[in-house]
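Taking it in order: structure first as structure tokens, then the write-up.
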Amino acid sequence: MLDLTPNSERNAAISEYLDSNYGLFDRPLYNNVHSVVFNIQEKFSFKGKPVFNNLVFRWMEEFCIMHAKCGLFLRLELADEE
């Protein structure tokens, strides 16, 4: 899970990227999930701080590769309000 609720420049940029490139605010994305995860890690990791830590990123990559034939989807969800 990637939490984009904390107000930061990077989270705003990731949100804009997901909306403008994939329309994730309107609908889920089917397939291409591996590309999205890789692109987020590649484009938005800076100053030595990755979006996903290396272990989590590797797990997500392996999961996407192993389950690509099953069909994967990515969607945005609103955080539960407390």
> Calculated from DSSP H runs of 4 or more alone, at -39500 (n - 2.57) each and per residue, what is the 222 nm mean residue ellipticity of the chain, nearest 500?
Replying inline: -15000 deg cm²/dmol
> What range in the chain is the longest one free of trypsin sites (Lys or Arg not before Pro) that are in a loop by DSSP and have at most 14 other Cβ atoms within 10 angstrom?
Replying inline: 1-46
> Using the Cα atoms of the stretch 9-74 to build a convex hull, what is its mean projected area in square nanometres?
Replying inline: 4.5 nm²
>> I need the phi-derived Karplus couplings for the stretch 2-18: 6.51 cos²θ - 1.76 cosθ + 1.60, θ = phi - 60°, integer Hz, Gly and Pro marked x.
In response: 10, 8, 9, 6, x, 6, 8, 4, 5, 4, 5, 5, 5, 4, 4, 4, 5
> Spin-label point model (7 Å from Cα, Cβ direction): what's the His67 to Phe44 distance in nm?
Replying inline: 2.0 nm
> Hey, rough spin-label estimate for Thr5 and Arg75, points 7 angstrom out along Cα→Cβ, what's it come to in nanometres?
Replying inline: 1.8 nm
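Laboratory data are not the source of any read-out in this text; all were calculated from the coordinates shown. Given the structure is predicted, the values throughout are model-derived calculations rather than measurements. Positions of Cβ are backbone-derived with ideal geometry, glycine not excepted, and every protein chain shown enters the neighbour counts.
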